[in-house]
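Only one structure is covered here, and it is reproduced in the block below.
The values are calculated or read from the model by the stated rules, or taken from the named source; none is laboratory data. Remember, predicted model here, so these are calculated numbers, not experimental data. Please note: Cβ atoms are built from the backbone with ideal geometry, for glycine as well, and neighbour counts cover all protein chains shown.
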Amino acid sequence: MKKTFALWRLYLRNNFSFRERGSKVHRWLLLLLLPSIIGFLTLFYQFFAGIYQALPSHQAPLGLLVAVLSANAIVLLFGLFYLLSAFFFAEDTERLLPLPLRPWEISGAKFLTILVNEYITLLPLLLPAFAAWWQFYPDPLFWLKGVLVFLFVPVIPLSAAGAIALVVMRFVNLPKGRDFWRVVGILISLLIAFAIQYLAMGVQRGITQEELLSHLLTPGGLVDLLGRNYPPALWAVRFLVQNDFLALVGFVLFSAAAAGLFLFFGQLLFFKGVVGGGEVSGGRRKAAARQRVRSVLGALLWREIALVVRNPVFLTNSLINLFLPPVILFFLWRSGTESLPAQVPFAYLELGAAGYIASLPVLSVLPSTAISREGKQFWLSRLIPVPPKLQLLSKLLASSLATFLGGVVGLVMLRALFPIPLEGLLLALFIGFWGSLGVGELALLVDGLWPNLEWTDPQKAMKGNLTGLYAMLLGGLYLGILAFLVVKLLGWGVEIRSVFLCLFVLFSFGNFAFGRLLGRQAPRVYWQER
């Protein structure tokens, strides 16, 4: 146990250190984002306060149950990907294997590190829920009880996610075709999630908001049903509301049992999953020997695509950010009003679609992490006899290909909802894709100026990389200025097709300016010592 905590402290020091170059910029940026964070917390507070007000006092604890169940679902969903990344795709895993550490000690240290991250993730959800409850039902000891519940809420779902990750990687991480099966597993998971969501939306059609609230929150409803089938959530709420210390004891013991079961799976399966992932089959060696010769740009482009596709962490983040927003909007619209108001022209939807496609590079974070994703292997890119401009062009083309596919999916969803003419959709795709090139150049430039190359966990290169946030802010500012000009043009009575032409010209200037700036910075990105 002492080795586990020592390794955990080392992970915390590496993951939460602020002694990095540009940390002052990071802190100032967080201060600038503080109003948005406060607004986000206020939104959640008002949501839970509305639930507590809408329910009678004897049913109000169902609102707390909603918060606890939502927290468990978030940890189970995102914790699975984080643990897969930390266990089997972190660069330090193979370095730890020769050390005198048992499997459960390594997996336990990684588990504790992810647990700290989950606390940070759940804080914006549970803090407003607890604050709203305390306002309506004051209790001098409530916050002490809330801290105890908060500490144990993510343990059970994260332990379950860890056990699933260990089992999956033990039996799926086969030497032959393991990359293919990883990708297939992720795609199947996303398809199942979409199918469940679609069926749920189909059931909800024709149900009013009051009826839906009644089905969800009344005794015997969905939330109550989930709570009865997941007793720890009910125990947590009983301790918070009724001061039931027996419920707290059951909650703590169940959490300890779940963590112990995870450590047992870690001792049994961790090394087998890691070793299986490091093997290379003879078929792959033969395939590598007979690979066809590509052009320089083609080889670089294939390398960028393979870097994303063969890493489930990179691929999952890209797929979710690119394809999930239009799917969610499709489901939300189909579950509510299915017809567009007659006074809204289709041309406005085409403009909105073009703007959405133009923003996809920063939403997908592919160009804003293109250099960071190489990590400590970036020195190879600096040594190969290929001009830096050509390497950056390959990264831009790879992200542009993903943008194009994401844009097509978004337009297909839009066409399924509204009878927009095909020529309008093609025009939106062309203008949006043309604008996305400049946004991609800007995002790639940001990653070139502040790359994060010292990561050991792939999640830190994507989700934990502040260059993605910088790119979103700058890309949002750029597109926001253009959107303001478009609104002004529409207000002056300019014809919609002329607005598209003006937008094409503005995007062209942006593409040229960002392209020149990126080209000038290319030698510095690759040849400057870091």
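Counted as qualifying within the stretch 69-153 are the helices (runs of 4 or more DSSP H) with 1 or more residues that are under 19 Å from the mean Cα position of the chain (by Cα) and within 21 Å of Ala259 (Cα to Cα), namely 103-136. Taking the criterion of being touching a residue at least 60 places away in the same chain (Cβ under 8 Å), surrounded by fewer than 20 Cβ atoms within 10 Å (Cβ to Cβ) and farther than 25 Å from Leu453 by Cα, the residues of the stretch 105-134 that qualify are Pro124, Leu125, Leu127, Ala131. Residues that are within 30 Å of the chain's Cα centre (by Cα), in the same structural domain as Val362 (by TED's automatic domain parsing) and assigned to a helix (DSSP H, G or I) do occur in the stretch 490-509, at least one of them. When residues of the stretch 510-530 are filtered for being within 31 Å of the chain's Cα centre (by Cα), hydrophobic (A, V, I, L, M, F, W, C) and either at pLDDT below 85 or buried (at least 16 other Cβ atoms within 10 Å of the Cβ) (or both), how many remain? So the answer is 4. I'd like to know if the stretch 40-49 contains one or more residues that are β-branched (Val, Ile, Thr), modelled with pLDDT under 80 and either within 19 Å of Leu122 (Cβ to Cβ) or in a helix (DSSP H, G or I) (or both). Within the stretch 40-49 (the criterion being β-branched (Val, Ile, Thr), modelled with pLDDT under 80 and either within 19 Å of Leu122 (Cβ to Cβ) or in a helix (DSSP H, G or I) (or both)), the answer is no, since none of the residues qualifies. What are the residue pairs meeting all of these: first residue in the stretch 245-266, first residue within 15 Å of Trp235 (Cα to Cα), second residue part of a helix (DSSP H, G or I) and not aromatic (Phe, Trp, Tyr), Cβ atoms under 6 Å, and 6 or more apart or on different chains? Hits for this filter: Ala247/Arg238; Phe251/Pro232; Phe251/Ala236; Phe254/Pro232; Ser255/Val155; Ser255/Ile156. Considering the conditions (1) in contact with a Phe, Trp or Tyr (Cβ under 9 Å, 6 or more places away or on another chain); (2) farther than 25 Å from Val249 by Cα, Ala67 is excluded by exactly one of them, (2). Mind listing whichever residues of the stretch 359-417 are without any contact (Cβ under 8 Å) to a residue 24 or more places away in the chain and either under 17 Å from Arg310 (Cα atoms) or of a type in the set (Ser, Thr, Tyr) (or both)? Passing the criteria: only Gln377. Of the residues contained in the stretch 82-102, one or more are found to be at pLDDT below 80, charged (D, E, K, R) and surrounded by 13 or more Cβ atoms within 10 Å (Cβ to Cβ).
Before we move on, is Phe507 among the aromatic types (Phe, Trp, Tyr) and more than 20 Å from Leu363 (Cα to Cα)? Considered against the rule, which asks whether it is among the aromatic types (Phe, Trp, Tyr) and more than 20 Å from Leu363 (Cα to Cα), Phe507 comes out as no. Filtering the stretch 304-328 to residues that are more than 30 Å from Gln391 (Cα to Cα) and at pLDDT below 70 leaves only Ile328. With respect to the stated conditions, Ile164 fails to be under 30 Å from Gln267 (Cα atoms), without any contact (Cβ under 8 Å) to a residue 24 or more places away in the chain and in a helix (DSSP H, G or I).
No other residue among Pro128, Pro124, Pro138 is at pLDDT 90 or above and in the same structural domain as Leu83 (by TED's automatic domain parsing) apart from Pro128. The set of residues in the stretch 235-254 being surrounded by fewer than 22 Cβ atoms within 10 Å (Cβ to Cβ) and either hydroxyl-bearing (Ser, Thr, Tyr) or in a helix (DSSP H, G or I) (or both) consists of Arg238, Val241, Gln242, Phe245, Leu246, Ala247, Leu248, Val249, Gly250, Val252, Leu253, Phe254. Of the residues examined, Gly260 is not one that is touching a Ser or Thr at 6+ places or on another chain (Cβ under 9 Å) and at pLDDT below 90.
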